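Asks: Attaching a single structure in structure tokens format; questions to follow.
The values are calculated or read from the model by the stated rules, or taken from the named source; none is laboratory data. Please read all numbers here as calculations on a predicted model, not as lab measurements. Note: ideal-geometry Cβ built from the backbone for every residue, glycine included; neighbour counts use all protein chains shown.
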């Protein structure tokens, strides 16, 4: 992996902008933007905080994106991490989200700041996040899913349920994962949302729904689990089989030995 010897804050912010200029998800060929952001997050001092907050109100959307990414996990990579500058970061991100939603509406900035709330969750951001659920850009809708992550607030859960029906596979996949594996509540409404994804066109979404129902001890998912195991084994399916632990799965599990395990895990943006 490339490294950046620089410890100069201005230079690191400049490198972050260059690295994210073409692709908000980062460039495979030139990952220095994300390396610079990681260095800034590890520094976690007031100078970095103030520069990131300044970037968040700049007229340049690229600067606003970088500012949101830095604030999202400021200090999170430090050994023995304890939250730093939490209220100031929250205020900056909430202000950016509301200003972007009501004004400039840049999709890259919206996606970045929505995703940031997945790392620094706060109930005050939920209304602004929910207002973007129908945004035309799937990256923004995916950011909303991450922003709602872990909230067991009724409105947030209703939002995740709606996003689990999104036309974009990636959005449905993450929303179903959040409902099934991150949210610990077990309600008829959540189970119904997971059941609705058992015949989804995307196999990743189906697998997440199966594991989510298995976590809740819902044995009605067994026929769907067997069907998916017979088509190919993946880690969520094995987790689901372990949770249900019934002889009915023996034949399907034995058949999986003929094929390889497709190991996949959800990773943050």
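Asks: Which members of segment 42-62 meet the condition of being surrounded by fewer than 21 Cβ atoms within 10 Å (Cβ to Cβ) and either closer than 15 Å to residue 108 by Cα or under 21 Å from the mean Cα position of the chain (by Cα) (or both)?
Replies: Answer for segment 42-62, where residues must be surrounded by fewer than 21 Cβ atoms within 10 Å (Cβ to Cβ) and either closer than 15 Å to residue 108 by Cα or under 21 Å from the mean Cα position of the chain (by Cα) (or both): 42, 57, 58, 59, 60, 61, 62.
Asks: Show the residue pairs that are 6+ apart or on different chains and have beta-carbon atoms under 7 Å apart, the first residue being within segment 130-149 and buried (at least 24 other Cβ atoms within 10 Å of the Cβ), the second being part of a loop (DSSP other than H, G, I, E, B).
Replies: Matching pairs, first to second residue: 140/132; 141/133; 141/135; 141/166; 141/168; 144/132; 144/133.
Asks: Would you be able to tell me the number of residues in segment 99-124 that are farther than 19 Å from residue 171 by Cα and assigned to a helix (DSSP H, G or I)?
Replies: Final tally of qualifying residues: 8.
Asks: In this structure, does residue 170 turn out to be modelled with pLDDT of 95 or more and buried (at least 19 other Cβ atoms within 10 Å of the Cβ)?
Replies: Here the answer is no, as residue 170 does not meet what is asked.
Asks: Of all residues in segment 137-165, how many are on the phi < 0 side of the Ramachandran plot and not in a helix (DSSP H, G or I)?
Replies: So the count comes out to 8.
Asks: Got a number for residues in segment 166-184 being in contact with a helix residue (DSSP H, G or I) (Cβ under 7 Å, 6 or more places away or on another chain) and not in a helix (DSSP H, G or I)?
Replies: The qualifying residues number 3.
Asks: OK, next. Could you grab me the full set of residues in segment 83-94 that are under 14 Å from residue 49 (Cβ atoms), in contact with a helix residue (DSSP H, G or I) (Cβ under 8 Å, 6 or more places away or on another chain) and not in a loop (DSSP other than H, G, I, E, B)?
Replies: Result: 88, 89, 90, 92, 93.
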